[in-house]
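K.L.:
One structure, as C-alpha cells, below. Some questions next.
The values are calculated or read from the model by the stated rules, or taken from the named source; none is laboratory data. Source: prediction; values computed, not measured. Cβ placement follows ideal geometry from the backbone for every residue including glycine, while neighbour counts extend to all protein chains displayed.
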Amino acid sequence: MADHHNGLSFLESVDHMVDRALLSMDLAPDVAEAIKACNAVIQVKFPVKIRGKVQIFSGWRAVHSTHRLPAKGGIRYAPCVDQNEVEALAALMTYKCAIVDVPFGGSKGGLMIDPRQYERDEMQLITRRFTLELVRKGFLNPATNVPAPDMGTGQREMAWMADTYKHLNPEDINYTACVTGKPVEHGGIHGRTEATGRGLQYALQEFFRHPDEVKATGMAPGLAGKQVVVQGFGNVGYHAAKFLQEEDDCRIIGIIDRHGMLHNAAGIDVETAYRHRVQRRSFEGFEGGEYTENGAKGLESECDILIPAALEGQISADNAARIQASLIIEAANGPVTFEADQILNKRGVVIIPDAYANAGGVIVSYFEWIRNLSHIRFGRMQRRFDEVRGHHQIEALESLTGKVLPQTLKDKIDAGASELDLVRSGLDDSMREAFQGILEVRNSNEKITDLRTAAYVTAIRKIARSYLDVGIY
Ligand code: NAD
C-alpha cells in the first residue's frame, strides 16, 4: 500500500527503520541482511462456491524468520491485503517477539476479503478452505507456524482453523496449539481477547513510571486525566480505551472509526459508545459526543496521547507536522511511516513503537500455546492450595496478634490466582521488563535517541546472538 507511505511501501518503511537501528550497531552486514530477509512466502488461490457461484480467493502467509520455532503471527482478513503488507507484518512479528522475549519466529498471513460481505456459514467455508491450503503447504502447524487473530479475524475464525487442522491431523496430540486466540471453550486462554489492549495499558503505565520519559513529552506526571484520542475501535482500540478510562482515569476525548470521529472534550463513556456502535454499526445518533465525518482530521486533534489502533500508514509525511499529541503509542502495526517517524522525532513527539506497544497479543498467545502443549489450565493445580495456605497465614496472624484482620485484606491474602490473574501478571511483567530493556539500550548508546530505534536494536541484538551462537545454517 505504497500510497499511504508517500512512495515507500509498508515493507520498505519497516526496513528503513531497521536500517536506521543498524547504523547504531556494530553488526556484520551479511548477518544484518540475513536477519532482514523474509524466509518464505506463499500465495494461495482457491475456489469456494458461494451462493451458487464459484469465487476465487487469494491469501498469503509469510514466514520472516525461523531462528525460533514456531513462527508466529496473525491472519488478517481485509479487502486490500497484499504480499508486501504480509511480509512487512511478518518482519514486525520477528522483532516484536524478540523485544518481549517470546521464543518465536515471525510470520503473518492475510486473506483478500471483505468479511462484511459474507454470512457466517460462508465465512466458515472460506476459512476452512484457506486453512486446508495453509496446512497442506506446511504453513500451519503447532510446531512450526502458529497463526492468531488480526484485523477482521477473531476467536470464531481461530476455532474453525483449529478444527480443520484437527480433522487433517487427528493423531497430533497437540492440535489445539496450531492456532492461538481460540475461544476458551476450545482451548483458548482467559485474557487473550483483551490482551493487546491490556498490554498497551501496561506499556503506558510503565512509561509513566519513568519521570524522565514523561518529562520529555512535556506532559505532567501521571496517567490520570490525560486526554486520549483513539483511532480504530475494534478489538485493540476498544479494549485499550476501556481499560485506560476505567482503571487509569484517562479522559477519552476522541474515537475515530472508518466512517468518522466521535468527539467530546469532557470525555466519552467508552462502554456506552461501544454498545451503541455494536447496535447501530455507527456512532451516528450517539448522544455522548459530537460526530463528524472527517475521521482522518481527528488524528490531528489536540490531545495528550494519540493511539492509532486501526491500520498501517495513517500518520505519514502528509499529516505528521499537524499531529498535536505529545505522545503516540502505536497500537496498530506500522501506523506511522518512516518519513512521518523522522518528522515527529524532530518535533519532539515521543513514540512508543508498535513492535513493543502491541506485543500483548503475542505474549498471551505464547501463554495459550504453552497451555495447549501442557494440556492444563494455568493455576489448576495450585489455586486451591494457595487459598488454604493463605487461610492458614490469616489464622496464624490473628492468633499471634490477637486482632481480627479486615475482611478486604483477608480476601486478598487467601485468594488463589485464577488463570486470568496469572495471564495479566505475566503480561504486565513482560511489558515492564521489555520497556526497561529498551530504555537500557537507548541510555547506553548516545547514537540512539528514540524508543523505536532502541526497540529495534534490542531485537536485532537478540536475533543476531541466536544466529551467531548456533551459526547460520
Ligand atoms: P479489528 O478488525 O478488530 O478493528 C479494526 C478497527 O479499525 C475497526 O474498528 C475499524 O472500523 C477501524 N478502521 C478500519 N479502517 C479504518 C480507517 N481507515 N480509519 C479509522 N478506523 C478504521 O482489528 P484489531 O484486531 O483491533 O487490529 C487493529 C490493529 O492492531 C491492526 O493494525 C492489527 O495488526 C494490530 N494488532 C492487533 C492485534 C490483535 O491481537 N488483534 C495484536 C497486535 C496488533
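K.L.:
Taking the stretch 141-168 as the region of interest, how many residues are more than 15 Å from the ligand (Cβ to nearest atom) and among the charged types (D, E, K, R)?
P.N.:
Qualifying residue count, the stretch 141-168: 2.
K.L.:
Follow-up. Could you list all residues from the stretch 258-288 that are modelled with pLDDT of 95 or more, under 22 Å from the mean Cα position of the chain (by Cα) and not hydroxyl-bearing (S, T, Y)?
P.N.:
If the condition is that a residue be modelled with pLDDT of 95 or more, under 22 Å from the mean Cα position of the chain (by Cα) and not hydroxyl-bearing (S, T, Y), then V270, E271 are the ones that fit.
K.L.:
If a residue must be closer than 25 Å to A464 by Cβ, within 16 Å of the ligand (Cβ to nearest atom) and surrounded by fewer than 24 Cβ atoms within 10 Å (Cβ to Cβ), how many such residues does the stretch 41-83 contain?
P.N.:
Total meeting the criteria: 0.
K.L.:
Looking at T164, T180 in this structure, which one is polar (S, T, N, Q), at pLDDT 95 or above and within 27 Å of S418 (Cβ to Cβ)? I'd like the intermediate steps shown before the answer.
P.N.:
Details: T164 fails: within 27 Å of S418 (Cβ to Cβ).
Of T164, T180, the one residue that is polar (S, T, N, Q), at pLDDT 95 or above and within 27 Å of S418 (Cβ to Cβ) is T180.
K.L.:
Here's a follow-up. For the stretch 354-387, give me the residue count where each residue is over 11 Å from the mean Cα position of the chain (by Cα) and either surrounded by 17 or more Cβ atoms within 10 Å (Cβ to Cβ) or of a type in the set (D, E, K, R) (or both).
P.N.:
Going through the stretch 354-387, the residues over 11 Å from the mean Cα position of the chain (by Cα) turn out to be 366-387.
Cutting the leftovers down to either surrounded by 17 or more Cβ atoms within 10 Å (Cβ to Cβ) or of a type in the set (D, E, K, R) (or both) gives us 366-369, 371-372, 377-380, 383-384, 386-387.
Of the residues in that region, 14 qualify.
K.L.:
Considering only residues that are away from the ligand (no atom under 16 Å from the Cβ) and touching a strand residue (DSSP E or B) at 6+ places or on another chain (Cβ under 7 Å), which ones fall in the stretch 305-323? So that I can check it myself, show each step before the final result.
P.N.:
Restricting attention to the stretch 305-323, the residues satisfying the condition of being away from the ligand (no atom under 16 Å from the Cβ) are 305, 317, 320-322.
Answer for the stretch 305-323, where residues must be away from the ligand (no atom under 16 Å from the Cβ) and touching a strand residue (DSSP E or B) at 6+ places or on another chain (Cβ under 7 Å): just I305.
K.L.:
Next up: Which of the residues belonging to the stretch 27-74 are in contact with a Ser or Thr (Cβ under 9 Å, 6 or more places away or on another chain), outside any loop (DSSP other than H, G, I, E, B) and of a type in the set (D, E, K, R)?
P.N.:
K45, R61, K72
K.L.:
Still on this structure, please answer the following. If I ask for residues that are surrounded by 15 or more Cβ atoms within 10 Å (Cβ to Cβ) and farther than 23 Å from G199 by Cα, which ones from the stretch 268-291 would you list? Please lay out each step first, then the result.
P.N.:
Of the residues in the stretch 268-291, the ones surrounded by 15 or more Cβ atoms within 10 Å (Cβ to Cβ) are 268-270, 273-274, 276-277, 282-283, 286, 288-289, 291.
The answer is H276, R277, S282, F283, F286, G288, G289, Y291.
K.L.:
Would the stretch 331-349 turn up any residue that is within 13 Å of the ligand (Cβ to nearest atom), crowded, with 22+ Cβ neighbours inside 10 Å and under 23 Å from D249 (Cα atoms)?
P.N.:
Our first condition is that a residue be within 13 Å of the ligand (Cβ to nearest atom); within the stretch 331-349, this holds for 331-336.
Still in the list and also crowded, with 22+ Cβ neighbours inside 10 Å: 331-336.
If we keep only those that are under 23 Å from D249 (Cα atoms) as well, we get 331-332.
Checking the stretch 331-349: at least one residue is within 13 Å of the ligand (Cβ to nearest atom), crowded, with 22+ Cβ neighbours inside 10 Å and under 23 Å from D249 (Cα atoms).
K.L.:
Got a sec? Which of S326, S365 is in contact (Cβ under 8 Å) with a residue 60 or more places away in the chain and within 16 Å of the ligand (Cβ to nearest atom)? Quick ask: steps written out before the conclusion?
P.N.:
Values: S326 fails: within 16 Å of the ligand (Cβ to nearest atom).
Sole residue among the options that is in contact (Cβ under 8 Å) with a residue 60 or more places away in the chain and within 16 Å of the ligand (Cβ to nearest atom): S365.
K.L.:
Given the residues P103, P115, which is the only one that is on the phi < 0 side of the Ramachandran plot, at pLDDT 95 or above and in contact with a Phe, Trp or Tyr (Cβ under 6 Å, 6 or more places away or on another chain)? Give the derivation first.
P.N.:
On the way: P103 fails: in contact with a Phe, Trp or Tyr (Cβ under 6 Å, 6 or more places away or on another chain).
Matching residue, one of P103, P115: P115.
K.L.:
What about A203, is it in contact with a strand residue (DSSP E or B) (Cβ under 9 Å, 6 or more places away or on another chain), surrounded by 19 or more Cβ atoms within 10 Å (Cβ to Cβ) and under 30 Å from R442 (Cα atoms)? Steps first, please.
P.N.:
Working: in contact with a strand residue (DSSP E or B) (Cβ under 9 Å, 6 or more places away or on another chain): yes; surrounded by 19 or more Cβ atoms within 10 Å (Cβ to Cβ): yes; under 30 Å from R442 (Cα atoms): yes.
Answer is yes for this residue.
K.L.:
Hey, E171 hits all of (1) in contact (Cβ under 8 Å) with a residue 24 or more places away in the chain; (2) away from the ligand (no atom under 16 Å from the Cβ); (3) outside any helix (DSSP H, G or I) but one; which does it fall short on?
P.N.:
E171 satisfies every listed condition except (1).
K.L.:
Restricting to the stretch 290-304, give me the number of residues that are within 16 Å of the ligand (Cβ to nearest atom) and over 13 Å from Q231 (Cβ atoms). Please lay out each step first, then the result.
P.N.:
Filtering the stretch 290-304 down to residues within 16 Å of the ligand (Cβ to nearest atom) leaves 291-301, 303.
Remaining after also requiring over 13 Å from Q231 (Cβ atoms): 291-293.
Qualifying residue count, the stretch 290-304: 3.
K.L.:
While we're here: If we scan the stretch 161-169, do we find a residue that is of a type outside the set (G, A, S) and under 17 Å from the mean Cα position of the chain (by Cα)? Before you say what the answer is, go through the steps one by one.
P.N.:
Looking only at the stretch 161-169, we keep the residues that are of a type outside the set (G, A, S), and these are 161, 163-169.
Adding the requirement that they be under 17 Å from the mean Cα position of the chain (by Cα) leaves none.
Checking the stretch 161-169: not a single residue is of a type outside the set (G, A, S) and under 17 Å from the mean Cα position of the chain (by Cα).
K.L.:
Right, another one. Look at the stretch 210-225 and say how many of its residues are surrounded by 13 or more Cβ atoms within 10 Å (Cβ to Cβ) and either touching a residue at least 40 places away in the same chain (Cβ under 8 Å) or under 19 Å from N358 (Cα atoms) (or both).
P.N.:
6
K.L.:
Here's something else I'd like to know. List the pairs whose first member sits in the stretch 76-100 and is of a type in the set (D, E), whose second member is within 13 Å of the ligand (Cβ to nearest atom), and whose Cβ atoms are under 7 Å apart, counting only residues at least 6 apart or on separate chains?
P.N.:
Partner pairs satisfying both residue conditions: E85/M1; E85/F10; E85/G110.
K.L.:
Got a sec? Which of L422, L439 is farther than 16 Å from I99 by Cα, at pLDDT 95 or above and part of a helix (DSSP H, G or I)? Please lay out each step first, then the result.
P.N.:
Values: L439 fails: farther than 16 Å from I99 by Cα.
Sole residue among the options that is farther than 16 Å from I99 by Cα, at pLDDT 95 or above and part of a helix (DSSP H, G or I): L422.
K.L.:
I've got another one for you. Return yes or no: is G138 within 16 Å of the ligand (Cβ to nearest atom), in the same structural domain as P103 (by TED's automatic domain parsing) and farther than 19 Å from H375 by Cα? Talk me through it step by step, then tell me what you get.
P.N.:
Numbers: within 16 Å of the ligand (Cβ to nearest atom): no; in the same structural domain as P103 (by TED's automatic domain parsing): yes; farther than 19 Å from H375 by Cα: yes.
The answer is no for G138.
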